[in-house]
Structures are given as structure tokens and as C-alpha cells.
Amino acid sequence: MEMVISPLWLGFESLPPHHRLNPLHSRNGILTHETLSYNILSHGQSYGEYLREKGLAESTIKTKTKLVRFLSKRVNLWDSDFVKRFIKKHSWGAKRKNNCSYAYRDWCNWKGFNYEYEKFKEPESPLPYIPTETELDQLIAECNPSYACLLQVLKETAFRIGEAMRLTPSDIDTERRVITLNSPEKGSRPRQARASDRLVAMLIPLMQKTGYNDRIWNLRYESLHRTFSVRRTALADKIQNPNILKINFKTFRHWKATTEYHKTKDILHVKKLLGHRSIKNTLVYTHLIDFEEDNGFTVKVASSLEAFTNLLESGFEYVSDYEGLKICRKRK
């Protein structure tokens with residue numbers, strides 16, 4: 001008895017029309033296991049696993065999978081010309097059409113062939129909300145110790161939420177207060193970030209309960225996001241500040257990058273902090289918030305080598321000498 005390939009075998013794919021019509025590849029219009037094994041099973045790997053190997057965030061994988069599933073219920077995924085026309089005529093906005101095209105392109109690459117998508121012109125994205133540091137600290141304090149520590153990591157390192165959730169005790173040097181990110185998302189560069197004494201103190205109890213190579217936050221993103229939303233809403237109601245509701249996981253990254261740029265005026269420093277490969281992605285942080293009203297300096301004077309060293313280690317920069325004293329300053 002001949003084995004018949006059902007569309008269900010394909011996960012959420014439809015059958016390729018050229019196989020259905022070609023008598024050399026089918027018998028009575030029915031696809032056989034021999035016909036499809038070379039391009040359907042993809043060595044047993046799923047579309048999600050393929051995206052995961054590319055280093056994409058779980059939230060991105062979920063979105064791309066949903067979009068391809070949506071397409072598969074309405075079009076034949078193997079007919080790329082028809083898919084392109086379907087996306088173009090759909091009532092989606094330009095951004096959604098592009099996201100769907102990217103998801104379908106990845107599906108085609110996974111199946112072993114190229115897809116040249118049409119790029120739709122998107123309106124400029126609105127600038128993200130940049131909260132005050134007090135608002136971020138209030139939100140962190142509203143969470144339990146584990147969630148608070150995770151948010152503090154986001155605040156101090158500018159890691160993406162998916163990157164922070166992959167951290168293990170082996171990535172954290174508590175003695176030198178350094179956190180190493182070797183598994184970045186979105187093709188970013190690996191990087192290191194300094195941790196404050198406060199963050200190290202928050203991390204140590206969690207690390208002691210975790211295996212050396214196990215994730216510190218072994219949570220599902222959906223569960224994490226749901227809990228975060230609940231605590232955020234509770235805080236906004238409690239302090240009567242609706243701006244709290246504008247804060248999401250990305251906000252911590254935007255806040256860190258923006259404040260670092262306005263402290264240093266060094267866009268390459270911010271690029272390195274964020275792990276960007278292109279300076280174009282970093283330039284947005286040069287005009288998010290105008291901190292000119294806070295552009296004053298704290299000035300201190302060192303009368304000894306030890307005092308001078310302590311000032312430099314705490315972020316002060318040397319300005320000049322005056323009557324044997326070292327004058328240093330740091331932005332407020």
C-alpha cells in the first residue's frame with residue numbers, strides 16, 4: 001500500500017501545485033512520500049527551529065509563525081507569485097505587509113529556494129516613550145525579587161528581554177561586576193555590561209538557586225509579559241500615573257541608550273552598548289529626549305592621588321589642575 005502525503009504533514013503548508021500536475025511526480029494527482037521527502041520534511045526540522053537557529057527572539061519566531069500560518073490557510077505557499085499578489089492586495093498597512101513578506105521569505109529559505117519580496121513604504125515610526133528613571137525604579141520596586149532583578153538587568157545593560165532571559169550564572173562575574181552576553185538576538189554583536197552593586201546583590205540569591213549553565217529566569221515569555229502587565233497596571237493605578245502604562249520591556253533599552261548618549265555625546269559608545277552592527281540603528285537615540293536642562297556638571301577637587309583615582313573610578317573626568325589640585329567633573 002502506497003503512503004499518501006497529507007497537507008497536515010507539512011505543519012501548516014499546502015501542497016505544491018507543480019507536483020500535483022506533473023505526472024512524473026505524482027500518481028493520479030496524489031503525492032507520495034518519495035515525491036516530497038526532498039523538499040517538505042527539511043531534514044525533520046521545523047520552521048520555528050530554523051528561525052531559532054538564526055538567533056531570532058522567541059516573540060519574533062511566534063509572530064513569523066503566525067503570519068505564515070495565516071497565509072497557509074488562504075494561499076498555496078508553494079506558489080510564490082500568488083503569495084506576493086495576495087500580500088500586496090491585502091488591507092494590511094505597509095508595516096504588516098513587510099513583516100508578512102519577511103516571514104514568507106524565511107519560510108522559502110527554509111524550504112531551499114529564494115523569494116524576492118516587494119518592499120512597501122512604511123510611514124515613519126513614532127518615537128518611543130522615554131520615562132524618567134524614577135518611573136522605572138517604581139516599576140521595578142513593584143515586582144517580586146526575581147522579576148525586579150530581571151528588570152534591573154534590562155535597565156543597566158540595555159539587553160533585549162530575550163537576551164536577558166537567556167543569561168546563566170556562567171555569564172555573570174560577580175567579583176568584577178561584569179555580565180557577558182554571548183547569545184545576542186537580531187544579529188547583534190556579543191557584548192559585556194557593568195553591573196551595579198545593587199544589581200549584583202539582587203542576582204546572587206537567584207544564581208545560588210540555579211545550575212551554573214541553567215537559565216536564571218526559566219520562564220515562558222507569555223507568562224512573564226502577563227505578570228509584567230498586571231504589576232504595571234497596578235502601579236499606574238496606585239500612583240495615578242498613566243505614563244507607567246507606556247513602559248514595556250523595550251522601554252528599558254531605549255531609556256539606557258538615550259541617557260548614555262546624553263551623558264557621553266558619544267554615538268559609537270551607544271552603538272557598542274546596544275550591539276548594533278549599523279550606526280543607522282543607533283542614530284535615533286540622538287534626538288529622542290532633550291536633556292539640555294540637566295546638562296550641568298557636578299565638580300569635585302582631588303588633593304591626593306587616592307582621591308583623584310576614586311573620582312575617576314566613579315565616573316568623573318579630569319578637567320585641569322589648579323594650584324596642585326585636580327579638578328574633575330561629571331554630568332548631573
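Counting other beta carbons within 10 Å of each residue's own, what order do Phe113, Phe249 fall into, fewest first?
Values: Phe113 10, Phe249 20.
Least to most surrounded, the residues fall as Phe113, Phe249.
With a 10 Å Cβ neighbour count serving as the proxy for reagent exposure, in which order, fewest first, do Trp92, Trp107 appear? Show your work: numbers first, answer last.
Working: Trp92 14, Trp107 24.
Going from sparsest to densest Cβ surroundings: Trp92, Trp107.
Once Rh for the stretch 125-175 is found with the Kirkwood sum over Cα pairs, what is the Stokes-Einstein diffusion coefficient at 20 °C and 1.002 mPa s, in µm²/s?
Details: Rh = 12.4 Å.
Result for D is 173 µm²/s.
How large is the charge dipole for the stretch 184-332, taken about the Cα centre, if only the Cβ atoms of Lys, Arg (+1) and Asp, Glu (-1) carry charge, to the nearest 20 debye?
Values: 28 positive and 16 negative charges, 171 e Å.
Taking the Cα centre of the stretch 184-332 as origin, the dipole is about 820 debye.
Relative contact order of the stretch 133-286, please, whole-number percent, based on alpha carbon pairs below 8 angstrom and at least 6 residues apart. Kindly include the intermediate steps, with their values, before the conclusion.
Details: 186 pairs, mean separation 43.7, N = 154.
Contact order relative to length: 28 percent.
Working out 0.36 nm times the residue gap between Glu317 and Thr264, then minus their Cα-Cα distance, what length gain in nm do you get to one decimal? Provide the component values of the computation, followed by the final result.
Values: separation 53, 0.36 × 53 = 19.08 nm, distance 1.10 nm.
That works out to 18.0 nm of additional length.
Which whole number in µm²/s is D for the stretch 133-286 by Stokes-Einstein, with the Kirkwood Rh taken over Cα pairs at 20 °C and 1.002 mPa s? The partial results should precede the final answer.
On the way: Rh = 16.1 Å.
Diffusion coefficient, whole number: 133 µm²/s.
In nm, give the distance between the simple-model label positions of Leu224 and Ser304, each being 7 Å from the Cα along the Cα-to-Cβ direction.
Calculated label separation equals 4.6 nm.
Estimate the FRET efficiency between Tyr212 and Lys121 by the formula 1/(1 + (r/R0)^6), using the beta-carbon distance for r and 51 Å for R0, to the nearest 0.05.
That pair, Tyr212 with Lys121, gives E of 0.55.
Using a basic spin-label model with each label point 7 Å from the Cα along Cα→Cβ, how many nm lie between Ser146 and Thr286?
Here the modelled spin labels are 4.3 nm apart.
Please list the non-local residues whose amide H lies under 5 Å from the amide H of Leu77, H modeled 1.01 Å from N, same-chain partners needing a gap of 5 or more.
Ser14
Rule-based calculations on the coordinates, nothing more; no lab input. Remember, it's a predicted structure, so these values are computed and weren't measured experimentally. Counting neighbours? That spans all protein chains shown, and the Cβs are built from the backbone with ideal geometry, glycine included.
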